[in-house]
Amino acid sequence: MALALLLAVLAPAGAAHAAPGDDQWGFRGLVRDGERKPVTGAAVAVESDGEVVGTDVTDARGRWEILGLAGPGTYTVVVKTGGKTYEVEKELVRSGTTLPVQNLVMSTSDAPAVQASLGDKLAQRAVSGLNLGLLIAIAAIGLSLVFGTSRFTNFAHGENVTFGGIMGYVFASLAHLPLLLAAAAATVAGAAFGYLQDLGFWRPLRRKGVSLVTLMIASIGAALALRSLFQFLYGNGTRSLTREDWGTVRLGPVVMPATSYVAMGISVAVLVAVGVWLKRGRIGKATRAVANNPALAGASGIDVDRVTRIVWVLSGGLAALSGVLLGVFNQVSYDMGFNLLLLMFAAVILGGLGTAFGTLAGAIVVGLCTEILVLWIPADMKYVGGLAVLVAVLLVRPQGLFGRQARIG
Amino acid sequence: MDWILNSLREIITPTTAAYALAAIGLNIHFGFTGLVNFGQAGFVAIGGYGFAISVTQLGLSWPLAIAVTLLLAVGYALLLGIPTLRLRADYLAIVTIACAEIIRFTLNSSAFASVTGGANGLYNDYSGWITGANPYPQGLVHLGPWTFTSTDLWIATVDWAVVAVVAVGVFLLIRSPWGLVLKGIREDEHAMLSLGKNVNLHKLQALVMGGAIGALAGILYVQPTSVQPFDFASRMTFNMYTMLILGGAATVFGPILGSMIFWVVMRFTDELVNAGVDAGLLDNATQGSQLRFVLVGAALVLLVVFRPQGILGNRTELSFDAK
């Protein structure tokens, strides 16, 4: 049933992807020196919102080509040669009179771009990292709540994030809803998706009384099936979640899209709300009781099945919200959630398995590491930084930063 | 009829053999010792890349290249195992899948493209040692209803010989006292501890052995083709779990049978997809191939829930199904 619903909603996305030439956005160019001779071996990169989205090196004739960009939008073309950096901002627009692939001629006799100082770049990256960390935290809290109540690591949680991102894309870009409304709709869809997963899948398995390892393997099977389904419906492409532009905000040296600050605000509000709910709310307290000892919680009159169901709904909704925010922060792709899942694991383990505050702190550390390390490691190895933190923590301090020093196992 | 014949041909292809071998390694982890390794693709990637880079860039002879590659895999297994094996099962699962992805991101990165070829991978100029020893006549070879190129058939022969040797080795090992300790750990770690067995050491040995077999599978996997980073995505590991549970975990022939059935079914559904494209039901074959992996995922879920012992397994011998 859930699948049919998903198919019905996503069908337009698949169709849009199949349109010919949809992926052929990009730039072609020529780099030459002051005497109009070609410059060979210059490093060319195309950036979008500070993220490198494509790279190339000029050939013997000074030519370069970066294709397969996400679509229309504002890009910065950065050329590095002879220790100097040259930047040009270019816009790709969808219209009848301009080509989706634009030509650029750059000359080294132009004024080089002013290099941002390391401190400024660090500040910029730190804010991005905080943004990423907060949205990892939202998703990771869902993961750890499910871990607490259903007693297994759900390897399909990343697909809930992707579901949110794709739903956000469907509502914002295909149904043309305003961004905030689209985010809310995607969150509700994610909560419903979580509910259906529990109803149609995990609850029957719990009833059957299958083991922890069986549940983990069932979850990788579900993850593979869902991820392939997303790939089938959405395609391999990466697209912006929305065309809405809220402008940028400059705070000291940090220039960020206004949406990023709104996203951070939403994240903090949601995290505080979940925290208060867990600490003070009736169901929140019951959730903690079930996580602590399900049998005892059941014996003291808590409806364990109901609490578990609520946790699945909450976890699906939080994951979807995180997916929307990630889609705004980066872009939407069929494997965005799977990549985030690994960072969530890093956050959960870094903080100490089963400690809510630890998960939040772990998520922020992982987010900051992931973004800041990009200053020194190549952008296409971005996630390696966050994952390396995970391995390092396990080597040195397996109970995590805030976990108790006890035998884990 | 052609469809069925084409599909059955997959039973002996080199890919099937390489997957079977990697699944045998995974079986030592998961089936016999109960270690949940979600990153076997990482070991296979180390095998494929380690061998290709040793031969083409370092100029090593093939026996030396295999030795270097296996040593790399052993070192990687120790790095994974030492911090995680004393923790709960989830930790190993998380760390293995994370490390397999670290390896893939790194190999795929343009930063090391001069060594790894980046996203393009590596061209095959490392398989001369195997193709040079080809005793079959040049050109096409007919085998029953199927036709193979001489090279493919020779690589398949070598691969299956390796699979046979390793399978016999695993059969003997599992019946040895060492193998019995592994099974004991899978059934009840604490009982083994109280018998005075060094549980962590045995787990580590199992992880190293299964990983080395995985790397050997990686070496075989890249011989008939080029090295492609995308091949070593987490999907590869999940395919192996499907094979393993389909054939029967904790059995010697389960992974081999599982790999054969898996690839026959994949080929058959591929033919179906192509027919669907021809009939205009699907846009293109790439899209259709995603649908096949939806089926693989669903099959894995159904198998692990309803028939965890697979075809050859014995339900009473499966602790991962215990309540």
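A few comments on the model shown:
- Test: residue in the range A:155-164 that is more than 14 Å from chain B (Cβ to nearest Cβ) and small (Gly, Ala, Ser): yes
- Residue count for the range B:192-221 under the criterion of being free of Cβ contacts under 8 Å to residues at least 40 places away in the same chain and of a type outside the set (Ser, Thr, Tyr): the result is 9.
- Entry remark, the range B:152-184: residues being of a type in the set (D, E, K, R) and within 14 Å of residue B:24 (Cβ to Cβ) number 1 in total.
- When residues of the range B:91-105 are limited to those that are closer than 30 Å to residue B:118 by Cβ and not aliphatic (A, V, I, L, M), the one surrounded by the fewest Cβ atoms within 10 Å (Cβ to Cβ): B:105
- Looking across the range B:217-256, the residues that are more than 14 Å from every other protein chain (Cβ to nearest Cβ) and assigned to a helix (DSSP H, G or I) come down to B:217, B:218, B:219, B:220, B:221, B:222, B:231, B:232, B:247, B:254, B:255, B:256.
- Candidates are the residues of the range B:74-90 that are at the interface with chain A (Cβ under 7 Å from one of its Cβ atoms) and outside any loop (DSSP other than H, G, I, E, B); the one that is surrounded by the fewest Cβ atoms within 10 Å (Cβ to Cβ) is B:89.
- For the range B:106-130, filtering for residues that are away from chain A (no Cβ under 14 Å), in a helix (DSSP H, G or I), surrounded by fewer than 18 Cβ atoms within 10 Å (Cβ to Cβ) and in contact (Cβ under 8 Å) with a residue 60 or more places away in the chain leaves 1.
- Any hit, the range A:361-368, residues being in a helix (DSSP H, G or I), farther than 21 Å from residue B:96 by Cβ and out of contact with any Leu (no Cβ under 9 Å at 6 or more places or on another chain): no
- Scanning the range B:52-67 for residues that are assigned to a helix (DSSP H, G or I) and buried (at least 16 other Cβ atoms within 10 Å of the Cβ) yields B:52, B:53, B:54, B:55, B:56, B:62, B:65, B:66.
- Just so you know, in the range B:266-280 the residues that are of a type outside the set (Gly, Ala, Ser), away from chain A (no Cβ under 13 Å) and surrounded by fewer than 18 Cβ atoms within 10 Å (Cβ to Cβ) include one that is farthest from residue A:225 (Cα to Cα), and it is B:278.
- Helices (runs of 4 or more DSSP H) fully within the range A:101-220 counting 1 or more residues that are in contact with a Pro (Cβ under 8 Å, 6 or more places away or on another chain), surrounded by fewer than 21 Cβ atoms within 10 Å (Cβ to Cβ) and in the same structural domain as residue A:241 (by TED's automatic domain parsing): A:118-150
- Residues located in the range A:221-239, provided they are assigned to a helix (DSSP H, G or I), more than 7 Å from every other protein chain (Cβ to nearest Cβ) and hydroxyl-bearing (Ser, Thr, Tyr): A:234
- Top-ranked residue in the range B:36-51 [being aromatic (Phe, Trp, Tyr) and assigned to a helix (DSSP H, G or I); ranked as surrounded by the fewest Cβ atoms within 10 Å (Cβ to Cβ)]: B:49
- Cβ pairs under 6 Å, 6+ apart, first in the range B:26-42 and more than 15 Å from residue B:89 (Cα to Cα) and more than 10 Å from chain A (Cβ to nearest Cβ), second surrounded by fewer than 24 Cβ atoms within 10 Å (Cβ to Cβ) and among the aliphatic types (A, V, I, L, M): B:28/B:209; B:41/B:236; B:42/B:103
The values are calculated or read from the model by the stated rules, or taken from the named source; none is laboratory data. Keep in mind the model is a prediction, meaning the values are calculated, not measured. Counting neighbours? That spans all protein chains shown, and the Cβs are built from the backbone with ideal geometry, glycine included.
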